[in-house]
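This report refers to the structure that appears directly beneath it.
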Amino acid sequence: MFRSNVLVCGGTGCTSSNSEQIIDKLNEEIKAQGLDKEVNVIRTGCFGLCALGPIMVVYPEGAFYSRVTPDDVPEIVSEHLLKGRIVTRLLYQETVVDENTTKSLNETKFYAKQMRIALRNCGVINPELIDEYIAQDGYAALGKALTEMTPQQVIDTMLASGLRGRGGAGFPTGLKWKFAAANAADQKYACCNADEGDPGAFMDRSVLEGDPHSVLEAMAIAGYAIGASQGYIYIRAEYPIAVKRLQIAIQQARDYGLLGKNIFDSGFDFDIDIRLGAGAFVCGEETALMTSIEGKRGEPRVRPPFPALKGLFGKPTVLNNVETYANIPQIILKGADWFKSIGTEKSPGTKVFALGGKITNTGLVEVPMGTTLREVVEDIGGGVPAGHTFKAAQTGGPSGGCIPASLIDTPIDYDNLIAIGSMMGSGGLIVMDETTCMVDIAKFFLEFTVDESCGKCTPCRVGTKRLLEILDKITKGNGTLEDIDRMEELCYYIKENSLCGLGQTAPNPVLSTLKYFRDEYVAHVTEHRCPAGACKALTNFHIEADKCKGCTLCARNCPVGAISGKVKEAHVIDTEKCIKCGVCMEKCKFNAVVKK
Amino acid sequence: MQKRISSLPFHDTAEQAEKLNAVIAGLKGQAGAVMPALHQAQEIYGYLPLEVQKKIADGLEVPLEEVYGVSTFYSQFSLTPKGRNHISVCLGTACYVKGADKVLDRIVAKLGIQPEECTEDGLFSLTACRCIGACGLAPVMMINEDVYGRLVPEDVDGILDKYYE
């Protein structure tokens, strides 16, 4: 037994800001103070509050240290761990009640409204130790399924729970399993989609980094339900930490007999292998993903036949997303009724969102379905940083849309988001303020889809390219009102005629911004003006002569030498040379540089 | 995925050629051998010159079209050499709305190369990548294994200076 446990976040965000060095330094200092028999250092998965990383929590006190640097470590060890005095200057300010009292993390605004099912073990256990997972009821659900339930009962439980696919489309998981179970074959597969391609979504990575066994356990349950003996996890090669932890987890599960032959002495065999993605957004689409596992260009196939009949290597296959799987052990253990009691009627359970963009608390949050966007953005996310105003939230990544401030009280679930022209997607939630141009953001997403379109079908390959060209024309001030109408028409054409989900949803960013921010498009076209001041071709930097003190700071910092003027005289920007990087505006202490 | 193809002349060493031959020999006749062959060839050469792709196609007896089709499909495969220092600027959504494009512009202006290019002295190469998952630190760039977060364009010069020797 250790008298103190120090949890350090080992997720990608905190690792990027040196949490590994912090762990090394902690171990070194603890040893130097002779505390290594008393204090245990644990590298956990993501705590969710990435904005404050690197994060460290010391138990039993529950002291939550934020933005820790390796240089802070000696003080934490000698003050807190040795002498028992909490280092208040490093505490997350919201947990500080007064000089001598702190409140629990779960009482802070960021965590209070959250409910963690998929993320329940992230930031709590050491993901590289199977025993810690087992201590949290890990593999009990698999044991229950294999020893107390028939495959049909497992499927019935999943159907009754109403769990819908967390990868974006929201297809009922139980139904998928039922179809695959009904098709007889000599070999079936239970696969996991960990090809998290939405820019700005990182919940699947965090689950795999923080709680890999929950996914393995759920895959084995899926295998039992449909009659599969082999599973594949298709994961992005860009997620090296998640890949490593999965490899460790699979090996440990095999060593414990929780994967492999005759699991729990039930006669059920199941094993899992990892397949690395090589970077293609379309491989998140189920048929494209299976083609890629087969070693080919990851192009989607025509459905039907659906994967439940002919999937991987032509065999019946179920494919579920990481977050979907992470919910399943709890559903088996606690029952469908428990799960249905959370969330909304048509979207039971919780959803994990990756909060990013212009928001105070960037990070990962899990809330019951039906929570309003306002609660997520303002209460949990801490709102838009001071001095700026909320303009829109983007959900669903390149397949989703922008939700304007007027709809901020919408309860979030699958159907509501579709009704307002966006979609759940995998759960990326990017907040935008008044400096984001909605035409530019639509163009940003179209650049992405043009880049990632596999090229197999014409509506997507050619259609998205034409859309991007029109958007480019508009952001350069050369568009016409007819262009806007033509673009809208083209959007519907692409949606209706594309082969797979990528093309069918690619126009959503354009359609939703047209729906809610049409005036911005019109301003670009008729007034040649970008209201947000973001489109470079329509914005010129200008120095106001009466405000300029001639301090030369702007001229010295201009990377292209576009600013001229004598000391103590007003400076001038040569708009021909200017690359519109905005450095002059940031540097000027007198607010003399303006965008026109 | 649109790919830039290197115009730099291709040189390989006898050792590299031997390794590639061994890879091809080991995979010959297997179904779905193209992807693993390309992965391993990229480890040997650092990128996938057309000459190497031709060798793989000939060696595995698959059409060059199929090899080229796979190598240009996946973003992990690079058809241009990487510099001694490889810069990836994240242009995921979270970084983009926080001004990652301006950081990228500054690097382009400073190094005089576009994304997917390498400087002539081979010191730097540049890519604009999709989400590296460090959205909490946005905007983010990576140079080799080092991550730099919460960037503003004027940070660029100081950071790049560390890599000139």
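I'm trying to understand the selection: among the residues of segment B:49-66, which are part of a loop (DSSP other than H, G, I, E, B) and more than 15 Å from A:ARG297 (Cβ to Cβ)? B:PRO49, B:GLU61, listed by residue number. List the pairs whose first member sits in segment B:142-153 and is within 10 Å of B:VAL89 (Cα to Cα) and touching a residue at least 40 places away in the same chain (Cβ under 8 Å), whose second member is buried (at least 20 other Cβ atoms within 10 Å of the Cβ) and β-branched (Val, Ile, Thr), and whose Cβ atoms are under 8 Å apart, counting only residues at least 6 apart or on separate chains? Every condition considered, the pairs that remain are B:MET142/B:ILE87; B:MET142/B:ILE132; B:ILE143/B:ILE87.
Before we move on, is A:ILE263 crowded, with 21+ Cβ neighbours inside 10 Å, within 14 Å of another protein chain (Cβ to nearest Cβ) and either of a type in the set (A, V, I, L, M) or over 30 Å from A:GLY455 (Cα atoms) (or both)? No.
Suppose we keep only residues that are of a type outside the set (A, V, I, L, M, F, W, C) and in contact (Cβ under 8 Å) with a residue 40 or more places away in the chain within segment A:73-95. Which one would you say is farthest from A:GLY382 (Cα to Cα)? Filtering first and then ranking leaves A:SER78.
Of all residues in segment A:170-189, those that are among the aromatic types (Phe, Trp, Tyr) and within 18 Å of A:PHE270 (Cα to Cα) total 2. Checking A:ILE134, A:ILE130, A:ILE125, A:ILE117 one by one, the residue that is closer than 25 Å to A:LYS176 by Cβ and among the β-branched types (Val, Ile, Thr) is A:ILE117 and no other. Being farther than 22 Å from A:LEU246 by Cβ, within 14 Å of chain B (Cβ to nearest Cβ) and either out of contact with any helix residue (DSSP H, G or I) (no Cβ under 7 Å at 6 or more places or on another chain) or not polar (S, T, N, Q) (or both) holds for only one residue in A:GLY200, A:GLY170, and it is A:GLY200. Residues that are of a type outside the set (S, T, N, Q), surrounded by fewer than 16 Cβ atoms within 10 Å (Cβ to Cβ) and in a loop (DSSP other than H, G, I, E, B) within segment A:389-423 comprise just one, A:ASP409. When we screen B:THR93, B:THR72, B:THR127 for residues that are of a type outside the set (A, V, I, L, M, F, W, C), touching a Pro at 6+ places or on another chain (Cβ under 6 Å), within 30 Å of B:VAL23 (Cβ to Cβ) and within 12 Å of chain A (Cβ to nearest Cβ), the only hit is B:THR127. Where strands (runs of 3 or more DSSP E) fall wholly inside segment A:1-109, the ranges with 3 or more residues that are crowded, with 16+ Cβ neighbours inside 10 Å are A:4-9, A:39-44, A:56-59, A:63-65. Residues that are within 10 Å of A:CYS402 (Cβ to Cβ) and part of a helix (DSSP H, G or I) within segment A:424-447 comprise A:MET438, A:ILE441, A:ALA442, A:PHE445, listed in sequence order. Among the residues making up segment A:405-442, a single one is closer than 15 Å to A:LEU514 by Cβ, within 11 Å of chain B (Cβ to nearest Cβ) and not hydrophobic (A, V, I, L, M, F, W, C): A:ASP440.
Applying the condition of being under 25 Å from A:ALA237 (Cα atoms) and surrounded by fewer than 18 Cβ atoms within 10 Å (Cβ to Cβ) to segment B:99-122 and asking which residue is farthest from the other protein chains (Cβ to nearest Cβ) yields B:GLN114.
Residues are listed down the side, and each one gets a yes or a no for (1) aromatic (Phe, Trp, Tyr); (2) in a helix (DSSP H, G or I); (3) at pLDDT below 95:
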| residue | (1), (2), (3) |
| --- | --- |
| A:ALA218 | no, yes, no |
| A:GLY231 | no, no, no |
| A:GLU238 | no, no, yes |
| A:ARG245 | no, yes, no |
| A:ALA249 | no, yes, no |
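Taking every residue in segment A:243-268 that is farther than 21 Å from A:GLY227 by Cβ and pairing it with any residue that is of a type in the set (A, V, I, L, M) and loosely packed, with under 13 Cβ neighbours inside 10 Å, at least 6 positions away or on another chain, yields no pair with a Cβ-Cβ distance below 6 Å.
Filtering segment A:238-259 down to residues that are away from chain B (no Cβ under 14 Å) and aliphatic (A, V, I, L, M), which residue is surrounded by the fewest Cβ atoms within 10 Å (Cβ to Cβ)? So the residue we want is A:ILE248.
Search segment A:316-357 for residues being crowded, with 24+ Cβ neighbours inside 10 Å and among the charged types (D, E, K, R), and hand back the single one that is farthest from the other protein chains (Cβ to nearest Cβ). Among those that are crowded, with 24+ Cβ neighbours inside 10 Å and among the charged types (D, E, K, R), it is A:LYS351. For segment A:497-510, the criterion of being part of a loop (DSSP other than H, G, I, E, B), out of contact with any helix residue (DSSP H, G or I) (no Cβ under 9 Å at 6 or more places or on another chain) and in contact (Cβ under 8 Å) with a residue 60 or more places away in the chain is satisfied by no residue at all.
Number of residues in segment A:288-332 that are free of Cβ contacts under 8 Å to residues at least 12 places away in the same chain and of a type in the set (S, T, N, Q) equals 1.
Any idea which of A:VAL560, A:VAL594, A:VAL583, A:VAL525 is aliphatic (A, V, I, L, M) and modelled with pLDDT of 90 or more?
Matching residue, one of A:VAL560, A:VAL594, A:VAL583, A:VAL525: A:VAL525.
Applying the condition of being touching a Phe, Trp or Tyr at 6+ places or on another chain (Cβ under 9 Å) and more than 14 Å from every other protein chain (Cβ to nearest Cβ) to segment A:564-587 and asking which residue is surrounded by the fewest Cβ atoms within 10 Å (Cβ to Cβ) yields A:THR575.
The values are calculated or read from the model by the stated rules, or taken from the named source; none is laboratory data. Because the structure is a prediction, the values reported are computed rather than measured. Here the Cβ is made from the backbone with ideal geometry for all residues, glycine too, and neighbour counts use every protein chain on show.
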